[in-house]
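Below: one structure, written as structure tokens.
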Amino acid sequence: MPKRPTTAARAALGAPPAERSARDRRSTTFQKDVLDNGLRVITSPMPEMRSVTIGLFLAIGSRFEKPKESGVSHFIEHMLFKGTKKYPTSRDVSGAIEGIGGVLNAATDKELTVYWAKVAGSQFPQAFDVLADMLLSPRFDPAEIEKERKVIIEELGMYMDSPHDWVHVLIDEVLWPNHPLGWDVGGTKESVSGITRRGMMGYMARNYGPENLVISVAGDVQHGLVLEQVRQALGSWERRGLPNYAPATNSNGASPLRVEHKSTEQANVCIAGPALSRNHPDRFKLALLNVIFGEGMTSRLFMEIREKLSLAYDVHSYINHFADAGALVVYAGVDPSKIDATITAVINEIDKLRQEPVSPEELHHAREYYKGRMVLRLEDTRAVAGWHGGQELLNDKIMEVDEVIQIIDRITPEELLQLTRDIFTPDWLHMAVVGPFKSEARFRKLLRFA
């Protein structure tokens, strides 16, 4: 079933390439063509694999929505599974893929929507036919809309009833108050209740277009055959123009703290602050810093807060990148009686990063961790399709693994120290808490560097 991802993905694109059909020859691991209508087609042949993954990457998501239509991108994603001209019912859509042993799914994020299918290589024509018909000819059956509206409202309730998930929504609201980047991707019960069939179809007509789409295919494929089928199905699709979004803003004096009371056995806390945009030249330095700080079981957060202090079972950090903004977020799930000590310990670890450079040994470990995880992830056709398709859509440029490794290997402890001092300023700290607490006062006192 379609689902929402947990991290951010996409932003508005720059100007599309000029009309052409010119192959990108800079890489031997993928081939790229651009149709006359601006649609980009990328293939990543993996002849050793028997599967193929087709990803349709669209530069549209919740960031592009207005308040009254919040959640419409996610709603549309659901509805494309509910029947098309050629595959009239949801059973027909899913059966066309499951009937050949494949997987069909989708996800909506703040700056990206992706539809994908993974099938045996010989079944590429069938799988692409299903995806293309979902894109071009969804039925938006009124009865199905009403049924799916109820499903989505239940999904929203599920997230709100899960403190572990909900605290991540709240921290976005704290970081970007009254801005689409701070909204839940699924919208609200009120906004979803007000979305109409006409509104969905109009939103899709405005924002789903060939120049806003990258088709990335990886696995047992031949570029020429893929290109020909894409051209036949989507080559005459008319340009729609690129969608617009509201520029990111900071918190503008809003409260850096949000506490939501829930009678739970565990408290959930996120400590976060602004970081780097998706194409910032220091983004790989931030990625290494995050490995050192809070990714994995040898990170500083894990070793200090779980292994040494025994304050939390789950503690980690992650990065969100957007077109013109970003965030570094720390999450911890703790016993309510230990939350003050946990918050203090996390902030102390952040402060240590600002005070002295990491050791050469720690940086070496982070480099090898990052490179190893990156390489391991790319052993799957779905991951390779995502690596190439996502970069092309979001960055208008595809970096190969070896290019990234060269950048990672050049990063020094002194550069990481400078980055921490640039990011972790006195006003960096923001926090969201979900748990059995009614007052913000105790947390406000903790929200500062020593």
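Nothing in this text is a laboratory measurement; each read-out follows from the coordinates by a stated rule. These figures come from a predicted structure and were not determined experimentally. Please note: Cβ atoms are built from the backbone with ideal geometry, for glycine as well, and neighbour counts cover all protein chains shown.
Figures for the structure shown
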| read-out | value |
| --- | --- |
| Segment residue 375-residue 425, extension gain: residue separation times 0.36 nm, minus the distance between their alpha carbons | 14.6 nm |
| Tilt relative to the chain, helix 163-175 - C-alpha long axis, 0 to 90 degrees, to 10 | 90 degrees |
| Reported label for calculated Rg and Dmax of the Cα atoms in Å given (i) 22.6, 63; (ii) 23.5, 81; (iii) 22.0, 70 | (i) |
| Extension gain (nm, one decimal) between residue 50 and residue 255, 0.36 nm per residue minus Cα-Cα | 68.5 nm |
| Degrees, to the nearest 10: 360-377 long Cα axis against longest axis of the chain | 20 degrees |
| Acute angle (nearest 10 degrees) that the helix 401-410 long axis makes with the longest principal axis of the chain, alpha-carbon atoms | 20 degrees |
| Peptide ranges 344-352, 358-366, 65-73, 143-151 listed from the most packed, as the mean C-beta count within 10 angstrom indicates | 65-73, 344-352, 358-366, 143-151 |
| Sequence-separation-based contact order of the range 257-446, relative, with Cα cut under 8 Å and 6+ spacing, percent | 39 percent |
| For the range 298-369: rounded, prolate or oblate by the Cα gyration tensor [a/c cutoff 1.5] | oblate |
| Rel. contact order, % - alpha carbon contacts under 8 angstrom, at least six apart, the range 31-234 | 40 percent |
| Net length gained if the chain between residue 400 and residue 279 were fully extended (0.36 nm per residue, minus Cα distance) | 42.0 nm |
| Which of 137, 191 has the fewest Cβ neighbours within 10 Å, and the rest in rising order | 137, 191 |
| Whether the range 331-425 is rounded, prolate or oblate, judged on the alpha carbon gyration tensor where a/c under 1.5 counts as rounded | prolate |
| Overall Cα dimensions of the range 257-446, principal axis frame, Å, largest first | 49, 34, 29 |
| 29 Å Cα-Cα threshold exceeded, pairs from 68/150; 86/150; 32/66; 371/397 | 32/66 |
| Mean Cα-pair separation over length for the chain, i.e. relative contact order, pairs under 8 Å, 6 or more apart, % | 22 percent |
| Once the Cα gyration tensor of the range 31-234 is diagonalised, semi-axes √(5λ) in Å | 31, 19, 17 |
| Candidates 206, 306, 198: whichever shows maximal mean-square fluctuation once the chain is modelled as a Gaussian network with Cα springs under 10 Å | 198 |
| 12 Å cut-off, amide nitrogen to a point 7 angstrom out along residue 313 Cα→Cβ, residues in the range 326-343 | 333-335 |
